[in-house]
1. Pairs, please: C-beta under 7 Å, at least 6 apart or cross-chain, first residue in contact (Cβ under 8 Å) with a residue 40 or more places away in the chain and in the stretch 169-184, second of a type in the set (S, T, Y)?
2. Are there any pairs, at least 6 apart or on different chains, whose C-beta atoms fall under 6 Å, with the first in the stretch 24-46 and β-branched (V, I, T) and the second part of a helix (DSSP H, G or I), and if so, which?
3. For the stretch 156-210, please list each of the helices (runs of 4 or more DSSP H) lying entirely inside it that holds at least 1 residues being over 21 Å from Q30 (Cβ atoms).
4. Can you name the residue in the stretch 148-169 that is surrounded by fewer than 19 Cβ atoms within 10 Å (Cβ to Cβ) and of a type in the set (A, V, I, L, M) and, of all such residues, is farthest from L201 (Cα to Cα)?
5. Touching a residue at least 60 places away in the same chain (Cβ under 8 Å) and over 20 Å from A213 (Cβ atoms): does that describe A145?
6. Would you confirm, using the coordinates I've provided, whether I59 is β-branched (V, I, T), modelled with pLDDT of 90 or more and closer than 30 Å to S137 by Cβ?
7. Taking the stretch 6-56 as the region of interest, how many residues are of a type in the set (D, E, K, R), within 22 Å of the chain's Cα centre (by Cα) and modelled with pLDDT of 90 or more?
8. Run down S50, S46, S31 and say which single residue is assigned to a helix (DSSP H, G or I) and surrounded by 18 or more Cβ atoms within 10 Å (Cβ to Cβ).
Amino acid sequence: MDRNKIGKVVLAYKQGGSGLFTRDQVTKLQSMLGLDDYETASEIASFITSVLGSVDYHIEARKKIPRDGDEQERLRDIAKLARKLHRLLAKEPALQSLLSRPKGPRGGRGLTLDEIAEIGRRPKELLLNLEILAEQSTRQAKDDAEFARVRTLLPNVTTKDPEGQIATRMLWPHLFDIWTDIGKRKLAKTPNGPVHRFIALVHEVGDLPEPKASTIGNAIDRRNGVAPKPRKARPRRGGR
């Protein structure tokens, strides 16, 4: 979803109505869910729009960090440099002189008490901030959950097809609830069946990748508590 459409999401949610859905799309939604009136379908469309806005927010956050490993390595470098700079500055006897720009002649006027206090405070604050910088950089480089939390990343979302993964985890549970609770219909895994077409419609509205039937089937199994089938072991090449 591009930046212009993100703005439309926010505006549509504030103004109410059907959100990003066109009138034709709301009519399709009404038919898919078996609803008696257009107004209810419009309200559901508005709710789905708000969820799409949240989905897009997390997708954009993921795009800013294409590779977690590279970002965490950079954090380790930051921590290393912060500790080294702390050691060097802690040994500098005239550290306060390094934290202020040269000034012109004062014309005989001495320093005020506030200026004296500021001179003494700057070195302490700098050293403390370097300690915090090293600690937090190290922590986020090691703790995947903390790394994801502060960057608004969903945990365990890989950089391959982040749009599909985030939609599956953030959007589909709401769509399944709408289908079963409001539409009063059973979740079926039929390829290109009613559930598939319903999810595809919402993906079309949100400019998301077209959903795969196999992914929908796996998501329905997880919702129903069905354990995934074990993968078949590949035969070894060159073995007897």
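1. M170/S54
2. Close Cβ pairs satisfying both conditions: V26/A41; V26/S42; V26/A45.
3. Numbers: elements: 162-166, 172-177, 194-205.
Helices (runs of 4 or more DSSP H) meeting the threshold: 162-166, 172-177.
4. Of everything passing the filter in the stretch 148-169, V150 is farthest from L201 (Cα to Cα).
5. On the way: touching a residue at least 60 places away in the same chain (Cβ under 8 Å): no; over 20 Å from A213 (Cβ atoms): yes.
Against the criterion (touching a residue at least 60 places away in the same chain (Cβ under 8 Å) and over 20 Å from A213 (Cβ atoms)), A145 does not qualify.
6. Numbers: β-branched (V, I, T): yes; modelled with pLDDT of 90 or more: yes; closer than 30 Å to S137 by Cβ: yes.
In short, yes.
7. Step one: list which residues in the stretch 6-56 are of a type in the set (D, E, K, R), which gives 8, 14, 23-24, 28, 36-37, 39, 43, 56.
Imposing the further condition that a residue be within 22 Å of the chain's Cα centre (by Cα) reduces the set to 8, 14, 56.
Add one more test, that the residue is modelled with pLDDT of 90 or more, and what stays is 56.
Total satisfying the criteria: 1.
8. Numbers: S50 fails: surrounded by 18 or more Cβ atoms within 10 Å (Cβ to Cβ); S31 fails: surrounded by 18 or more Cβ atoms within 10 Å (Cβ to Cβ).
When all the criteria are applied, what remains is S46.
The values are calculated or read from the model by the stated rules, or taken from the named source; none is laboratory data. Quantities reported herein were computed from a predicted structural model and do not represent experimental measurements. Cβ coordinates were reconstructed from backbone atoms using ideal geometry, including for glycine residues, and neighbour counts include every protein chain displayed.
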